[in-house]
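Step one of this worksheet: look at the structure below.
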Amino acid sequence: MWDALRPIGRDARSKGYRRYAWTGADADCRTWFQEQAEARGLAYETDRNGNQWAWLGDPAAGDAVVTGSHLDSVPDGGAFDGPLGVVSSFAALDELRARGATPTRPLAIVNFGDEEGARFGLACVGSRLTAGQLTREAAYELRDGDGISLPQAMEAAGYDPSAIGPDPERLARIGAFVELHVEQGRALDLTGDPVGIASAIWPHGRWRYDFRGEANHAGTTRLVDRHDPMLSYAETVLAARREAELAGAVATFGKIAVEPNGVNAIPSLVRGWLDSRAADQATLDTVTAAVEAAAREAAARQGVDLAVVRESFTPVVEFEHALRDELGKILGGERPVPVLGTGAGHDAGILSGSVPTAMLFVRNPTGVSHSPAEFAAEDDCVAGVEALADVLEGLACR
Ligand code: HGY
Ligand code: MN
Ligand code: MN
Ligand code: MN
């Protein structure tokens, strides 16, 4: 399975993945998913929001146990973030069949579209639409860097965007959703466990900072006469690091757009995106307020205008205890499986507001993710598949 998926959307130079929503690489991943489903005799479908589903048993029967994740990536992302969950789902189904387990509930494998938000700037578009956390109108407003809207991109990829929106009937047929994901951090490496169970997802959000200054000649404009938005931006990046450190949170300016973006021109506009996350809402609010205050002070001092827009936000997710504890019971052997929180967002976090949801993490020895260097050892990936097969058997088979 991996061999057919691995080359899709991989950049020859960076060795990272560029699988952005509704692009050719995304289409190739979707073809791969459909082939895997049909090769196993699973009923394949794409839902109104472009998420892919592979069913074993009658979906209409309800109380389905669903597993899966996403196949899209961040720019130059790693091989495991998302795909490990989807590949492991198919492998776990194969394992169930090898064990002769008989499902007593419908089973499904899902590929949620556009989880990373790399193209349109909003994470978890496929699951948010399905869960009613993103309205059709707001989705129609999403634009990529070339001004192409989400519906235009879907149409260009051969999908009808006219029905995108909440899918409560589909969610009502799900009794449990379990997402397996490579850990994005080193907690399991530190405890020495190949697999862990998620307890919570930190609250996190994305804020866009638009610093508008005065374009001018880099060589002839005196420093005292400048209104340089890059300076305000730079001070804001430093403030974000300072405030996050003080609060024990994280804050990242990972994306920037500069106009006119000329070496010898003082910019007119510097647009920076802040990603900030913290273990609790109050801490996150403290950090983001402090960063904005520092940015406004710097901008005022430099005669630069500042607009701050919160582009997306995901409140804290506490995975419900009943399912989490059931996984612990199913997987617990002589030593309990570790339960850990994460700062990474997931489709499971979005669905947790609609259906009983849990997550399994597979050890990531370096903790690195959202990078071509992301890695998980084969033995740990196999342990993840075994664990997922145990969970599916425990939840859905006799
Ligand atoms: O940004 C995240 O945490 C996730 O990978 N979308
Ligand atoms: Mn990710
Ligand atoms: Mn992911
Ligand atoms: Mn996810």
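The values are calculated or read from the model by the stated rules, or taken from the named source; none is laboratory data. What you see is a predicted model, and the numbers here were worked out from it, not measured in a lab. With ideal geometry, Cβ positions are generated from the backbone for all residues, glycine too; neighbour counts draw on all protein chains shown. Ligands, DNA and RNA are stripped out before the accessible areas are found, and what is left, the full protein with its side chains, is counted by its heavy atoms. Shrake-Rupley method; radii C 1.70, N 1.55, O 1.52, S 1.80 Å.
Distances over 20 Å make up what percent of all Cα-Cα pairs in the range 1-64? Result: 37 percent of Cα pairs exceed 20 Å.
Using Cα pairs under 8 angstrom and six or more residues apart, how large is the relative contact order of the range 91-240, in percent? Spell out each step's value before the answer.
Values: 92 pairs, mean separation 17.7, N = 150.
The normalised contact order for the range 91-240 reaches 12 percent.
Using the Cα gyration tensor of the chain, with a ≥ b ≥ c the square roots of its eigenvalues, what is the shape: rounded (a/c below 1.5), prolate (a/b larger than b/c) or oblate (neither)? It comes out prolate by the Cα gyration axes. Each of Ala37, Gly343, Thr102 was placed along the dipole of the chain (beta-carbon charges, centred on the mean Cα), and the one lying farthest toward the positive end is Gly343. The alpha-carbon atoms of the range 1-147, seen along their principal axes, cover 49, 38, 19 angstrom, with the largest extent given first. Using R0 = 41 Å, the C-beta based FRET efficiency linking Asp225 and Glu245 works out to 0.75.
In order along the range 41-49, the Karplus-derived 3J(HN,Hα) couplings, from 6.51 cos²θ - 1.76 cosθ + 1.60 at θ = phi - 60°, round to x, 8, 7, 9, 8, 10, 8, 4, 9 Hz, and Gly and Pro are given as x. Each Lys and Arg adds +1 at its Cβ and each Asp and Glu adds -1 at its Cβ; summed about the Cα centre, the chain shows a dipole of about 540 debye. Projecting the Cα atoms of Pro203, Leu190, Ser232 onto the charge dipole of the range 141-243, computed from C-beta unit charges around the Cα centre, puts Ser232 farthest toward the positive end. Between 0 and 90 degrees, the angle of helix 378-396 with respect to the longest Cα principal axis of the chain falls at about 60 degrees. Seen against the Cα atoms of the chain and their longest principal axis, helix 281-301 is set at about 20 degrees. Taking the Cα centre of the range 61-215 as origin, work out the dipole magnitude from +1 charges on Lys and Arg Cβ and -1 charges on Asp and Glu Cβ, in debye rounded to 20. Roughly 420 debye for the range 61-215.
Considering only the Cα atoms of the range 64-112, their convex hull presents on average a projected area of 3.5 nm².
Among the GluC sites (Glu not before Pro) found in the range 22-122, not one is both in a DSSP coil and sparsely packed, with 15 or fewer other Cβ atoms within 10 Å of its Cβ.
Once C-alpha pairs closer than 8 Å and six or more residues apart are averaged by separation and normalised to the residue number of the chain, the relative contact order reads 23 percent. The listed residues Met154, Met230, once ranked by accessible area (1.4 Å probe) with the largest placed first, stand as Met230, Met154.
Percent of Cα-Cα pairs more than 22 Å apart in the range 294-398, please.
Of the Cα pairs, 51 percent sit more than 22 Å apart.
For the chain, the carbon plus sulfur part of the accessible surface works out to 52%, probe radius 1.4 Å.
Using only side-chain charges placed at the Cβ, +1 for Lys and Arg and -1 for Asp and Glu, the dipole size of the range 204-282 relative to its Cα centre rounds to 140 debye.
Compared with the dominant principal axis of the Cα atoms in the chain, helix 321-331 is inclined by about 60°.
When Leu306, Leu5 are compared by accessible area at a 1.4 angstrom probe, the order from most to least is Leu306, Leu5. Spacing of the modelled spin labels on Asp160 and Ala373, each 7 Å from Cα toward Cβ, amounts to 4.7 nm. The distance linking the range 118-164 with the range 191-256 is 26 Å (Cα centroid to Cα centroid, whole angstrom).
The alpha carbons of the range 144-253 stretch over 66, 47, 21 Å along the principal axes, in descending order.
Of the residues Ala12, Thr67, Val362, the one whose Cα sits farthest toward the positive end of the charge dipole of the chain, with +1 on the Cβ of Lys and Arg and -1 on the Cβ of Asp and Glu, is Ala12.
Distance between the modelled labels on Ala265 and Gln152, one decimal in nanometres: 2.3 nm (7 Å Cα→Cβ projection). Taking all Cα-Cα distances within the range 118-169, those exceeding 19 Å account for 19%.
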